[in-house]
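Below is one structure; the comments refer to it alone.
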Amino acid sequence: MDILTILKLVGSLALLMFGMKAMSESLQKMAGSQLRHVLGAMTTNRFTGMLTGMFVTAAVQSSTATTLMTVSFVNAGLLTLMQAISVIMGAHIGTTVTAWIMSLGFSFNITDYVYPAFFVGIILIYMKRRRILGDFLFGVAFLFLGLGTLKATGSEMVTGEYADDIVRFFSNFNEPTFWNQLFFLLMGTILTLCVQSSAAIMAITMTLCTTGVLHIDQGIMLVLGENIGTTITSNIVAATANTSARRAAFAHLSINCLGVLWVIILLKPFFGAICHLVGFDPAMQPSAPGFAVKASVVLAAFHSAFNISNTLLLIWFVPQIEKFVCRVIKPKKQSEEEDFRLHFITSGIMKTPELSVLEAQKEIRSFAMRIQRMFGMVRDLLHEKDHTKFMKAFTRIEKYEGISDNMEIEIAKYLDEVSNAHLSDETKAKIRAMLREISEIESIGDSCYNIARTLNRRIKGKEEFTDKQYEHMTQIMQLTDDALTQMNIMLSGRKDLLDANRSFNIENEINNYRTQLKTQNISDVNDHKYTYAIGTMYMDIIQECEKLGDYVVNVVEARIGQRQKDA
């Protein structure tokens with residue numbers, strides 16, 4: 001096989017994969033945040049969950065996107081494991097549409113129609129309002145151009161000088177033995193895992209079968225292997241996620257493995273029924289008229305029949321599947337307090353950039369809640385008299401300050417990666433608001449640490465606050481904690497609780513109290529009620545609480561701006 005043929009094969013496969021990716025992403029942009037609402041609202045039971053997964057996958061033309069969405073929603077606590085399993089089952093049905101689109105490319109010379117699609121697509125791309133539709137047309141055109149080139153290259157290989165060698169290699173596995181079936185099953189799994197696209201391997205399978213290089217029996221084993229290979233993506237993504245997300249991903253793998261198992265046992269009658277349904281004779285010769293069309297149709301039909309039958313069979317056993325994956329995937333024995341990694345953000349979710357924003361929002365909420373816990377430690381530190389316990393608590397606050405810095409950097413890095421994708425203006429505005437939010441939340445962490453340092457300075461200087469100072473600091477810290485509570489309510493996104501005036505009112509109270517205490521402090525120092533040094537440390541703590549209140553208001557304002565744009 002010459003180098004040009006290999007480059008044509010690789011290039012056409014790359015075109016096909018790029019077309020699938022562009023088409024899927026543009027469909028997701030068209031659907032926008034509605035996909036999230038659909039997944040959240042329409043999964044009340046296993047059957048509605050299945051229908052939701054089916055329609056969402058058919059809409060975005062990517063079972064990987066739906067599965068990654070589902071795993072990420074489980075990770076974020078938006079879906080239960082049982083809901084996720086039913087959605088994943090539905091996604092298996094929705095993804096069969098892709099195989100039928102592929103079979104169209106073998107029914108007629110599809111490449112004749114891609115160039116007008118490119119022309120219309122480029123016009124739409126330059127029209128700002130229709131840009132996403134233009135992206136979709138370009139994706140479809142690239143998909144069919146890649147498919148057409150792959151088909152043409154496959155035909156050249158069959159009629160070329162290396163045709164006999166290729167046919168001879170595959171003819172070694174023609175016998176329908178268990179080991180030959182296992183070979184093609186593993187080949188389909190490994191190729192899909194390597195390419196990370198079951199659609200691309202389906203296109204190769206159709207090309208090999210329609211040109212007669214591969215027998216149809218071998219082709220269906222490749223199709224079954226693709227169904228297992230495509231589940232590994234979600235398991236890779238979920239490897240760093242929480243226990244529920246890993247269980248959802250493992251359920252995805254288990255469902256397809258169970259399906260492949262029973263189909264292999266009943267392969268002869270099952271495949272015979274499909275051939276009878278579409279009017280295909282497995283003994284039909286590749287040279288026979290219409291063989292290419294019928295071979296592509298029977299592969300698409302087998303893919304659909306397998307996924308539909310498997311879903312309709314296993315949908316009744318969702319509770320049992322849930323119990324099984326819970327037994328296999330045990331929760332990690334690690335307390336949430338000591339687990340300082342990001343909980344919701346995983347690199348694999350980058351495959352659906354529009355929906356990655358949801359992950360970042362959940363991570364920001366987790367960040368804000370952790371910062372409030374840090375402030376709670378500072379409040380406890382104020383009244384800690386035991387030196388050993390004080391130093392232990394101070395060290396813990398120091399550790400939290402480092403964590404807050406790291407969390408800000410990691411979330412910002414993730415948002416920066418998301419923003420590099422082609423996003424809608426609405427999503428870009430959300431990312432700008434979230435970048436402001438994490439910057440202000442990290443500043444709250446800095447203020448908490450500054451208060452702790454001031455208290456540590458007091459311990460080292462062997463100074464002591466008066467009872468009145470303790471009382472005033474306790475009161476302003478209570479107001480500050482109330483502000484943080486309101487900020488977390490705003491970040492939770494519950495529409496019935498989005499009242500920004502509460503945050504503004506608390507901030508005004510903190511400002512007024514700070515001003516009052518500042519004036520009183522000057523009088524108390526002049527009246528020698530306490531030293532200037534302790535008065536300075538006292539006012540440093542009061543000032544930091546006031547600054548912290550300002551940062552809280554900045555976070556709330558950023559979130560209000562985002563909500564107003566959503567409305």
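The values are calculated or read from the model by the stated rules, or taken from the named source; none is laboratory data. From a predicted model like this one, the values you see are computed outputs, not experimental measurements. Neighbour counts run over all protein chains shown; Cβ positions are idealised from the backbone, glycine included. Accessible surface is based on the protein model in full, side chains and every heavy atom, while ligands, DNA and RNA are left aside. Shrake-Rupley method; radii C 1.70, N 1.55, O 1.52, S 1.80 Å.
Only one of these is open to solvent by 60 Å² or more (accessible area, probe 1.4 Å), at pLDDT below 80 and closer than 22 Å to residue 101 by Cα: 133, 191. Name it.
Being open to solvent by 60 Å² or more (accessible area, probe 1.4 Å), at pLDDT below 80 and closer than 22 Å to residue 101 by Cα holds for just one of 133, 191, which is 191.
Within segment 421-435, which residues are touching a Ser or Thr at 6+ places or on another chain (Cβ under 8 Å) and modelled with pLDDT under 75?
Answer for segment 421-435, where residues must be touching a Ser or Thr at 6+ places or on another chain (Cβ under 8 Å) and modelled with pLDDT under 75: there is none.
Say whether the condition of being among the small types (Gly, Ala, Ser), touching a residue at least 12 places away in the same chain (Cβ under 8 Å), farther than 28 Å from residue 324 by Cα and crowded, with 20+ Cβ neighbours inside 10 Å is met by at least one residue in segment 213-229.
yes
Of everything in segment 522-567, what is in a loop (DSSP other than H, G, I, E, B), more than 30 Å from residue 429 (Cβ to Cβ) and open to solvent by 30 Å² or more (accessible area, probe 1.4 Å)? Give them in sequence order.
Within segment 522-567, 527, 528, 529, 531 qualify.
Which condition number in (1) assigned to a helix (DSSP H, G or I); (2) touching a helix residue (DSSP H, G or I) at 6+ places or on another chain (Cβ under 6 Å) is the one that residue 204 fails?
(2)
Restricting the search to segment 411-444, which residues are open to solvent by 80 Å² or more (accessible area, probe 1.4 Å) and either hydrophobic (A, V, I, L, M, F, W, C) or touching a residue at least 24 places away in the same chain (Cβ under 8 Å) (or both)?
The answer is 417, 426, 436.
Of the residues 114, 120, 87, 74, which single one is open to solvent by less than 20 Å² (accessible area, probe 1.4 Å) and at pLDDT 80 or above?
87 is the lone residue from the list that is open to solvent by less than 20 Å² (accessible area, probe 1.4 Å) and at pLDDT 80 or above.
Touching a residue at least 40 places away in the same chain (Cβ under 8 Å) and open to solvent by less than 10 Å² (accessible area, probe 1.4 Å) - does that describe any residue in segment 282-295?
yes
Going by the conditions given, is residue 235 of a type outside the set (Phe, Trp, Tyr), modelled with pLDDT under 80 and in contact with a Phe, Trp or Tyr (Cβ under 8 Å, 6 or more places away or on another chain)?
So residue 235 fits the description; yes.
Could you check residue 519 against (1) surrounded by fewer than 19 Cβ atoms within 10 Å (Cβ to Cβ); (2) touching a residue at least 60 places away in the same chain (Cβ under 8 Å); (3) in a helix (DSSP H, G or I) and say which number it fails?
Exception for residue 519: condition (2).
I'd like the full set of residues that are touching a residue at least 60 places away in the same chain (Cβ under 8 Å) and within 26 Å of residue 471 (Cβ to Cβ), limited to segment 392-410.
Correct list: 394 only.
What residue, among those in segment 458-517 that are among the small types (Gly, Ala, Ser) and out of contact with any Gly (no Cβ under 7 Å at 6 or more places or on another chain), is modelled with the highest pLDDT?
Checked segment 458-517; the qualifying residue modelled with the highest pLDDT is 503.
Just one of (1) of a type outside the set (S, T, N, Q); (2) part of a helix (DSSP H, G or I); (3) open to solvent by less than 50 Å² (accessible area, probe 1.4 Å) trips up residue 276, so point out which.
(3) is the only condition that residue 276 fails.
Taking residue 59 as the residue in question, decide whether it is assigned to a helix (DSSP H, G or I), modelled with pLDDT under 80 and either more than 15 Å from the chain's Cα centre (by Cα) or closer than 16 Å to residue 200 by Cα (or both).
Considered against the rule, which asks whether it is assigned to a helix (DSSP H, G or I), modelled with pLDDT under 80 and either more than 15 Å from the chain's Cα centre (by Cα) or closer than 16 Å to residue 200 by Cα (or both), residue 59 comes out as yes.
Can you tell me which residue among 356, 366 is in a helix (DSSP H, G or I), within 18 Å of residue 423 (Cβ to Cβ) and among the hydroxyl-bearing types (Ser, Thr, Tyr)?
356
Filter segment 16-54 for residues that are under 30 Å from residue 145 (Cα atoms), modelled with pLDDT of 75 or more, buried (at least 21 other Cβ atoms within 10 Å of the Cβ) and not small (Gly, Ala, Ser) and give the result.
Result: 54, single match.
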